Amino acid sequence: MSDQADARFVPRSAETWRDPFTMYQALRDHSPVHEVKSEEGDYWVLSRFDDIMEAAIDFATFSSAQGLTFTYGDMEKLGVEAPIVMMDPPEHTALRKLATKRFTPKQVKEVEPLIRAFVIERVERLREMGEGDVVAELFKPLPSLVVAHSLGVPQEDRGQFDRWSDAIVSANATGDVLGASDAVGELFAYFAALIEKRRSDPGDDMISTLVHAKLHGEPVSPAKLLGMAFTMVTGGNDTTTGLLGVAADLLTNNRDQRALLLGDSSRMVDAVEEFLRLASPVQGLARMTTRDVEIGGRKIPAGRKVMLLYASGNRDEREFGPTAAGCDITRKIRRHLSFSYGAHHCIGAAIARLQASVALEELLGRCPDFTVDADAGRFAPGHFVRRYEELPFSAAGAA
């Protein structure tokens, strides 16, 4: 049982990500609507599933328009037109409808051969090596490949695209995207040129779709096109890496669950949902209140940032029962918060699920006894995404 004295929210980063769950439990049990006093401005934290769900759905009260971190002045720091994740309906809805045309089930399924071929190549390399860093070899380059493909980045430009992505994702993780200003500038210049190219030479990609679409009867502005590209780079990379790292750790430490998957591959669909629930790669994001709101008997004033602690909600016994902290791939999950909910439900959810399914299928199929050494793993810095940036892997399992 968590202690009431531990019921305080302290932002995590790097090694302190190893166990945020004791803190989450204490918050859920003793301070589910929690105020944090900060020099940069006080903010609030919601840790129970139902409270987070209601806030995620109520975009009119909990707005994304002032940024997604628990600090203030995000939009001013960004210095560009708001990307889609920092819009509220109806503006957000109209742009989202255009973007989701690239993520229909049929189109996502068409990417599977590309994903599987890449995964097989990387898993076979790991198997031949015997051991290595599975993040560097597979879990990090896989989502980068998928994002580049979705945006229509030609093969010959993938190397520089990966370098820009790495720099931007690392800076964004710490809330200081301006720390990668050179990479941001080069990426924007690259996509500005690619956008112009796609006007006369369209491809089968997100940029081409948006370039030739209409938003409120007008062409989609270059700023919104660049914002969509930026959102996909910052949102589609480290999150999938985070999911895969935790899934590999769960399969290493829950041999009974691994045996179920090895015995029946059709369980992978439910397994991925359980891994998503427990991993919650985006541990939480903030919204800003547009009015005074009362939750659990506590009044949150208008104009305050509110952290929606998705990872805590995903382990809430009130929603998932007394075994919420455990891994059970047979669990029937009705809903979870790993892709948020409502208007801001992640548009890349289907392709993230596909990457996880294929990667885990091939790992289990080709290295059925693999293990990862989580104790020797290293967590990446950043207050919002929990992911291994290094995770030792053994193809044949522990000696």
Worksheet item: Scanning for something closer than 26 Å to Arg353 by Cβ and either crowded, with 21+ Cβ neighbours inside 10 Å or of a type in the set (D, E, K, R) (or both), does the stretch 186-205 turn up at least one residue?
Response: yes
Worksheet item: Does Ala94 satisfy the criteria of being in contact with a strand residue (DSSP E or B) (Cβ under 7 Å, 6 or more places away or on another chain) and not in a loop (DSSP other than H, G, I, E, B)?
Response: yes
Discussion item. Looking only at the stretch 12-41, count every residue that is within 23 Å of Thr290 (Cα to Cα), modelled with pLDDT of 95 or more and of a type in the set (D, E, K, R) and tell me the total.
Written reply: 1
Worksheet, complete the sentence: Per the list (1) farther than 24 Å from Asp19 by Cβ; (2) among the small types (Gly, Ala, Ser); (3) modelled with pLDDT of 95 or more, residue check on Gly321 breaks on (1)
Worksheet item: For the stretch 103-123, does any single residue satisfy the condition of being of a type in the set (Gly, Ala, Ser) and touching a helix residue (DSSP H, G or I) at 6+ places or on another chain (Cβ under 7 Å)?
Response: no
Worksheet item: List pairs: first in the stretch 195-212 and within 18 Å of Glu110 (Cα to Cα), second of a type in the set (D, E, K, R) and not in a loop (DSSP other than H, G, I, E, B), Cβ under 6 Å, 6+ apart or cross-chain?
Response: Met206/Arg102; Ile207/Arg198; Ser208/Arg198; Thr209/Lys101; Thr209/Arg102
Worksheet, complete the sentence: Restricting attention to the stretch 326-361, the residues that are more than 26 Å from Ser144 (Cα to Cα) and out of contact with any helix residue (DSSP H, G or I) (no Cβ under 7 Å at 6 or more places or on another chain) number exactly 4
Worksheet, complete the sentence: Within the stretch 347-361, the residues that are more than 12 Å from Glu112 (Cβ to Cβ) and over 17 Å from the mean Cα position of the chain (by Cα) are Leu360
Item to complete: Return the only residue of Arg298, Arg378 being of a type in the set (Lys, Arg), modelled with pLDDT of 95 or more and in contact with a helix residue (DSSP H, G or I) (Cβ under 9 Å, 6 or more places away or on another chain).
Response: Arg378
Worksheet item: Do we find a residue being closer than 23 Å to Val246 by Cβ and modelled with pLDDT under 95 anywhere in the stretch 75-98?
Response: yes
Fill in: Which numbered condition Pro89 misses (of (1) in contact (Cβ under 8 Å) with a residue 60 or more places away in the chain; (2) over 23 Å from Arg353 (Cβ atoms); (3) in contact with a Gly (Cβ under 9 Å, 6 or more places away or on another chain))
(3)
Item to complete: Out of the residues in the stretch 17-34 that are in contact (Cβ under 8 Å) with a residue 12 or more places away in the chain and surrounded by fewer than 15 Cβ atoms within 10 Å (Cβ to Cβ), state the one that is farthest from Gly313 (Cα to Cα).
Response: Arg18
Worksheet item: Quick check: anything in the stretch 137-152 assigned to a loop (DSSP other than H, G, I, E, B) and of a type outside the set (Lys, Arg)?
Response: yes
Response to the item:
Scanning the stretch 102-113 for residues that are assigned to a helix (DSSP H, G or I), of a type outside the set (S, T, N, Q) and surrounded by 13 or more Cβ atoms within 10 Å (Cβ to Cβ), the one modelled with the highest pLDDT turns out to be Glu112
Worksheet entry | the stretch 225-257: number of residues that are surrounded by fewer than 20 Cβ atoms within 10 Å (Cβ to Cβ) and either of a type in the set (D, E, K, R) or without any contact (Cβ under 8 Å) to a residue 24 or more places away in the chain (or both) | 2
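The values are calculated or read from the model by the stated rules, or taken from the named source; none is laboratory data. Model, not experiment: these values are computed from the prediction. We place every Cβ from the backbone using ideal geometry, glycine too, and count neighbours over all the protein chains shown.
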